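Here's the structure we're looking at; comments come further down.
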Amino acid sequence: MSNDAILVIKLGALGDFVQALGPMAAIRQHHDNAPVTCLTTAPYVDFARSTGFFDDVWEDTRPGRFNIIGWLALRRRLRSAGFKRVYDLQTSGRSGRYFNLFRPGPMPQWSGIASGCSHPHANPDRDLMHTIDRQVEQLKMAGIDAVPGPESVTGLAGLDADVSEFGLTGDYALLVPGGAPHRPDKRWGTDNYAHLALKLADKNIRSVLLGTGAEADSLARIKAQAPDALDLCGRTNLLQVAGLARHARLAIGNDTGPMHLVSALGCSSIVLYSNTSNPALCGQRGADVTILRKERLDDLGVEEVLAALKAG
């Protein structure tokens with residue numbers, strides 16, 4: 001590999017990966033003539049390749065604490081690549097340990113928060129910044145001044161897929177009722193989504209339900225009350241979600257990963273927040289994003305969501 005080789009570390013999760021697209025584009029532009037590699041986890045390998053920002057994408061198998069063989073293999077791979085600079089956009093304890101895998105040297109230039117790195121993000125208030133703003137400042141401290149926001153990232157044509165198999169015609173809305181299983185307080189009720197789907201149908205807008213297999217029961221309950229909705233639970237990969245977003249009239253969903261992707265691609269989006277998440281730190285960004293926040297999502301009515309739709 002070239003002695004100008006660059007490594008970008010972004011392991012996940014989906015929302016975090018999407019919010020790193022602008023910084024990734026800026027790194028690619030800044031190092032236009034150098035080979036740039038992305039290190040990520042299995043769910044995002046194809047996603048990373050599709051951006052066009054990277055010459056190579058490596059899958060991180062995330063060796064466990066006591067997997068000595070796995071750690072040694074990762075160390076050999078990192079050291080043998082001869083990276084001149086590493087941009088740690090994950091800035092976690094794990095990615096910080098990857099910095100130490102290069103010891104005793106030679107050490108690459110390193111942008112991140114690892115102790116002893118050459119280009120630290122030296123802001124003690126970094127955890128009080130929005131994820132995107134934090135990464136923008138991190139790159140500025142590493143010498144990259146121009147970082148596009150999600151709504152102006154170019155080169156994302158690869159984030160797309162043929163979705164004709166779903167047979168959608170006319171206007172449709174993406175509904176994203178899911179979220180992390182251990183965070184039920186971040187979910188608006190399924191009855192609310194069903195009521196919303198019926199109201200959208202009155203406007204000749206078909207609802208398309210997105211979710212993983214873990215959310216099958218929730219989406220089935222919505223479908224039972226709003227039978228004209230299209231339930232795509234477990235039937236879409238990330239590129240198909242992007243393809244659906246490019247043609248959707250709008251999207252409405254909880255604070256969850258797919259809503260970051262949908263809004264970043266310019267789809268008119270309404271994102272629902274309770275007091276357990278702070279959109280000032282992690283909120284979706286894009287060309288047309290509305291955030292609705294209540295102390296408890298149970299207190300958010302369907303009519304209020306529809307009013308936000310009308311305002312948009």
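No value in this document is a laboratory result; all are computed from the given coordinates. Note that the coordinates shown come from a computational prediction; the quantities given were computed from them, not determined experimentally. Counting neighbours? That spans all protein chains shown, and the Cβs are built from the backbone with ideal geometry, glycine included.
Overview of results
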{"quantity": "Residue-span extension gain [Asp288 to Ala220] - 0.36 nm each, minus C-alpha spacing", "calculated": "21.6 nm"}
{"quantity": "Segment 156-190-segment 253-312 distance, computed between alpha-carbon centres (Å)", "calculated": "13"}
{"quantity": "Lysines with Cα under 19 Å of Lys140, excluding same-chain neighbours fewer than 8 positions away", "calculated": "Lys10, Lys84"}
{"quantity": "Computed over segment 6-152: relative contact order in percent, which uses C-alpha pairs under 8 Å that are six or more apart", "calculated": "26"}
{"quantity": "Anisotropy class of segment 1-98 from Cα gyration tensor, a/c 1.5 cut", "calculated": "oblate"}
{"quantity": "Filtered trypsin sites (Lys or Arg not before Pro), segment 1-63: DSSP coil and at most 13 other beta carbons within 10 Å", "calculated": "none"}
{"quantity": "Charge-dipole axis of the chain as Lys and Arg at +1 and Asp and Glu at -1 on Cβ define it, positive-most pick from Gly12, Ile132, Ala180", "calculated": "Gly12"}
{"quantity": "Shape category assigned to segment 164-311 from the gyration tensor of Cα positions, a/c cut at 1.5", "calculated": "rounded"}
{"quantity": "Alpha-carbon spread of segment 54-189, three principal axes, descending order, Å", "calculated": "60, 37, 36"}
{"quantity": "Dipole magnitude (debye, nearest 20) for segment 6-152, charges at Cβ of Lys, Arg, Asp, Glu", "calculated": "780"}
{"quantity": "Relative contact order (percent, whole number), the chain, Cα cutoff 8 Å, 6+ residue spacing", "calculated": "17"}
{"quantity": "Helix-only mean residue ellipticity at 222 nm for the chain, each DSSP H run of n ≥ 4 adding -39500 (n - 2.57), per residue, nearest 500", "calculated": "-10000 deg cm²/dmol"}
{"quantity": "Candidates Asp202, Asp160, Asp133: whichever shows maximal mean-square fluctuation once the chain is modelled as a Gaussian network with Cα springs under 10 Å", "calculated": "Asp202"}
{"quantity": "Segment 57-96: C-alpha gyration tensor shape, a/c 1.5 cut-off, then a/b vs b/c", "calculated": "oblate"}
{"quantity": "Segment 164-311: relative contact order as a whole-number percent, Cα under 8 Å and 6+ apart", "calculated": "24"}
